[in-house]
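As structure tokens, the structure follows; a few thoughts come after it.
The values are calculated or read from the model by the stated rules, or taken from the named source; none is laboratory data. Just so it is clear, the model here is predicted, and its values are computed rather than measured. FYI the Cβ positions are ideal-geometry reconstructions off the backbone, even for glycines, and counts take in every protein chain you see.
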Amino acid sequence: MEVIELKHPLVEHKLAILRDKKTGTKEFREIVSELATMLCYEAMRDAKMYETEIETPLTKMKTRKIDEDKYAFVPILRAGTGMLDGIINLVPNAKIGHVGMYRDEVTFKPNVYYFKVPKDIDKREVFILDPMLATGGSALDAIELLKEKGVKKIKFLCIIAAPEGIKLLKEKHPDVQIYTTSIDEKLNEKAYIVPGLGDAGDRVFGTK
């Protein structure tokens, strides 16, 4: 499995603001979207292109484009939707699916309550979106649901990842690439990432 951790001064700067407990809902939401754009930019570095001809104001020329219909983005509800706008701005014609999960506060395991994806999802490269890769349970369930639908190529995009979550995905789905802006230290006893940024869903939607 390949784990790509983005290293760039702008990423580090934005991440520092995101982690700060004093950062308000509006700014937090905007930065999650911005970091998602950067993650998508990197994750599409290997995108296949096709040749086409266009006409500039001066002349005709041959150029290349990405086939946006070959992609689908699947945020894990609810926090993953905070990453969606920043990615859709880059690939506006991609299809969107959703996986709804909630965490059992005793076992820390995810429970799936909603799953809806495009009918032709098996013909697309799929990016799963979730700001936090903590225990890896939600990511694991989302990957397995998509593979059951016949998806062959999956990438997981997250703002912050814990070593425990990375380890689980490496063991269970070594073919899935992980893109993150930071690999943090560990999980605490409540399965929150340390140093982390708190509960991403609550901070994106201002529910705490």
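The figures follow:
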| read-out | value |
| --- | --- |
| Verdict on Val32 being touching a Pro at 6+ places or on another chain (Cβ under 8 Å) and part of a helix (DSSP H, G or I) | yes |
| Within the stretch 48-74, considering residues that are surrounded by 14 or more Cβ atoms within 10 Å (Cβ to Cβ) and of a type in the set (A, V, I, L, M), the one nearest to the chain's Cα centre (by Cα) | Val74 |
| Qualifying positions in the stretch 115-132 - surrounded by fewer than 24 Cβ atoms within 10 Å (Cβ to Cβ) and of a type in the set (Asp, Glu) | Asp120, Asp122, Glu125 |
| Filtered residue count, the stretch 25-43, keeping only those that are closer than 13 Å to Leu197 by Cβ and of a type in the set (Gly, Ala, Ser) | 0 |
| Count - residues of the stretch 137-164 that are over 24 Å from Val117 (Cα atoms) and touching a strand residue (DSSP E or B) at 6+ places or on another chain (Cβ under 6 Å) | 4 |
| Hits in the stretch 106-136 (condition: in contact with a strand residue (DSSP E or B) (Cβ under 7 Å, 6 or more places away or on another chain) and without any contact (Cβ under 8 Å) to a residue 12 or more places away in the chain) | Asn111 |
| Hits in the stretch 78-102 - residues which are within 19 Å of Lys147 (Cβ to Cβ), assigned to a strand (DSSP E or B) and of a type outside the set (Lys, Arg) | Ile96, His98, Val99, Gly100, Met101 |
| Flag for Ile178 being within 21 Å of Phe73 (Cα to Cα), touching a strand residue (DSSP E or B) at 6+ places or on another chain (Cβ under 8 Å) and modelled with pLDDT of 95 or more | yes |
| Candidates Ala72, Ala79, Ala43 - the one that is touching a Pro at 6+ places or on another chain (Cβ under 9 Å) and within 20 Å of Val11 (Cβ to Cβ) | Ala79 |
| Cross-chain or 6+ apart pairs with Cβ under 9 Å, the stretch 87-105 first and crowded, with 16+ Cβ neighbours inside 10 Å, then assigned to a strand (DSSP E or B) and small (Gly, Ala, Ser) | Ala94/Ala72; Lys95/Ala72; Ile96/Ala72; Gly97/Ala72 |
| Cβ-Cβ under 7 Å pairs, at least 6 apart or on other chains, the stretch 1-21 side surrounded by 12 or more Cβ atoms within 10 Å (Cβ to Cβ), far side part of a loop (DSSP other than H, G, I, E, B) and polar (S, T, N, Q) | Ile17/Thr23 |
| Unmet requirement for Pro163, which otherwise passes all of (1) at pLDDT 95 or above; (2) over 16 Å from the mean Cα position of the chain (by Cα); (3) under 15 Å from Val74 (Cβ atoms) | (3) |
